[in-house]
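Asks: Encoded as structure tokens, here's the structure I'll be asking about.
The values are calculated or read from the model by the stated rules, or taken from the named source; none is laboratory data. Here the structure is a predicted model, which means the values were calculated and not measured. Methodologically, a virtual Cβ is constructed for each residue, glycine included, from the backbone with ideal geometry; neighbour enumeration extends over all protein chains shown. These accessible areas exclude ligands, DNA and RNA; they are computed on the full protein's heavy atoms, side chains included. Shrake-Rupley method; radii C 1.70, N 1.55, O 1.52, S 1.80 Å.
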Amino acid sequence: QVQLVESGGGLVQAGGSLRLSCLASGRTFGGYTMGWFRQAPGLEREFVAFVSWSGGYTNYADSVKGRFSISRDNAKNTVYLQMNSLKPEDTAVYYCATGLYNSRRLGDYQYWGQGTQVTVSS
């Protein structure tokens with residue numbers, strides 16, 4: 001059993017930056033792939049990024065590549081999403097989730113946080 005809590009969302013102007021954090025409970029955090037997903041109103045939830053259990057391998061959606069960076073600190077049971085050069089189309093609720101292996105598929109993730117709102121003004 002894993003519980004995830006996201007934080008760091010808010011309102012930011014286009015071109016600005018924001019860092020999201022996801023704090024996980026449980027003793028097995030270090031054994032999970034961690035992913036970030038997002039969902040805008042009226043749209044399906046979509047993949048943003050994942051990081052392997054060791055932190056050595058990352059993968060990004062094309063829409064955020066070069067602007068976002070995912071990382072993790074297993075000692076703190078925390079995964080981060082650094083978001084730079086934000087655009088209005090990045091506006092969404094952002095969720096973190098745990099996976100048993102590296103994947104971009106929503107169905108491959110088991111535990112989910114409650115989400116944190118990110119709003120980017122034009």
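Asks: Go through segment 5-17 and report how many residues are open to solvent by less than 30 Å² (accessible area, probe 1.4 Å) and either under 26 Å from residue 77 (Cα atoms) or free of Cβ contacts under 8 Å to residues at least 60 places away in the same chain (or both).
Replies: In the first step, residues of segment 5-17 are kept if they are open to solvent by less than 30 Å² (accessible area, probe 1.4 Å); the result is 6, 10, 12, 16.
Now narrow it down to the ones that are either under 26 Å from residue 77 (Cα atoms) or free of Cβ contacts under 8 Å to residues at least 60 places away in the same chain (or both): 6, 10.
Summing the residues that are open to solvent by less than 30 Å² (accessible area, probe 1.4 Å) and either under 26 Å from residue 77 (Cα atoms) or free of Cβ contacts under 8 Å to residues at least 60 places away in the same chain (or both) in segment 5-17 gives 2.
Asks: Considering only residues that are of a type outside the set (A, V, I, L, M) and free of Cβ contacts under 8 Å to residues at least 60 places away in the same chain, look in segment 86-103 and name the one that is least open to solvent (accessible area, probe 1.4 Å).
Replies: 90
Asks: May I pose another question? Does segment 70-83 contain at least one residue that is under 19 Å from residue 16 (Cα atoms) and of a type in the set (Gly, Ala, Ser)? Before the answer, list the steps.
Replies: Kept after step one, since they are under 19 Å from residue 16 (Cα atoms), are these residues of segment 70-83: 70, 80-83.
Those left that are additionally of a type in the set (Gly, Ala, Ser): none.
No: segment 70-83 contains no residue that is under 19 Å from residue 16 (Cα atoms) and of a type in the set (Gly, Ala, Ser).
Asks: Continuing with this model, one more query. Check 52, 21 and return the single one that is under 12 Å from the mean Cα position of the chain (by Cα), crowded, with 16+ Cβ neighbours inside 10 Å and among the polar types (S, T, N, Q).
Replies: On the way: 52 fails: under 12 Å from the mean Cα position of the chain (by Cα).
None of the others qualify; the one that does is 21.
Asks: Please name all residue pairs, on different chains or six or more residues apart, with Cβ atoms under 7 Å, provided the first residue is in segment 57-74 and is without any contact (Cβ under 8 Å) to a residue 24 or more places away in the chain and the second residue is open to solvent by 60 Å² or more (accessible area, probe 1.4 Å) and small (Gly, Ala, Ser).
Replies: Filtered contacts from segment 57-74: 67/85.
Asks: Out of 12, 64, I need the residue that is part of a strand (DSSP E or B) and over 11 Å from the mean Cα position of the chain (by Cα). Which one?
Replies: Details: 64 fails: part of a strand (DSSP E or B).
Going through 12, 64 in turn, the sole match is 12.
Asks: Being of a type in the set (S, T, N, Q), surrounded by fewer than 21 Cβ atoms within 10 Å (Cβ to Cβ) and under 16 Å from residue 9 (Cβ atoms), is that true of even one residue in segment 58-65? Steps first, please.
Replies: Within segment 58-65, the first condition is being of a type in the set (S, T, N, Q), and the residues that meet it are 58-59, 63.
Still in the running and surrounded by fewer than 21 Cβ atoms within 10 Å (Cβ to Cβ): 58-59, 63.
Okay, now just the ones that are also under 16 Å from residue 9 (Cβ atoms), so none.
No, the conditions are met nowhere in segment 58-65.
Asks: Just the residues that are out of contact with any Leu (no Cβ under 9 Å at 6 or more places or on another chain), at pLDDT 95 or above and of a type outside the set (Val, Ile, Thr), please, taken from segment 53-68.
Replies: 57, 59, 60, 61, 62, 63, 65, 66
Asks: Mind listing just one residue for me: the one in segment 24-49 that is aliphatic (A, V, I, L, M) and in a loop (DSSP other than H, G, I, E, B) and, of those, most open to solvent (accessible area, probe 1.4 Å)? Before you say what the answer is, go through the steps one by one.
Replies: To start, the set of residues in segment 24-49 that are aliphatic (A, V, I, L, M) comprises 24, 34, 40, 43, 48-49.
So of that shortlist, the ones also in a loop (DSSP other than H, G, I, E, B) come out as 40, 43.
Details: 40: 25, 43: 110 Å².
Looking at residues that are aliphatic (A, V, I, L, M) and in a loop (DSSP other than H, G, I, E, B), I get 43.
Asks: Output yes when any residue across segment 110-120 is assigned to a loop (DSSP other than H, G, I, E, B), touching a Cys at 6+ places or on another chain (Cβ under 7 Å), in contact (Cβ under 8 Å) with a residue 40 or more places away in the chain and open to solvent by less than 50 Å² (accessible area, probe 1.4 Å), and no when none is. Working first, answer last.
Replies: Filtering segment 110-120 down to residues assigned to a loop (DSSP other than H, G, I, E, B) leaves 113-115.
Those left that are additionally touching a Cys at 6+ places or on another chain (Cβ under 7 Å): 113.
Adding the requirement that they be in contact (Cβ under 8 Å) with a residue 40 or more places away in the chain leaves 113.
Of the ones still in play, those that are also open to solvent by less than 50 Å² (accessible area, probe 1.4 Å) are 113.
Yes, that holds for at least one residue.
Asks: Let me ask another. Closer than 13 Å to residue 97 by Cα and at pLDDT below 95: is that true of residue 24 in this structure? Show your work before the answer.
Replies: Details: closer than 13 Å to residue 97 by Cα: yes; at pLDDT below 95: yes.
Against the criterion (closer than 13 Å to residue 97 by Cα and at pLDDT below 95), residue 24 qualifies.
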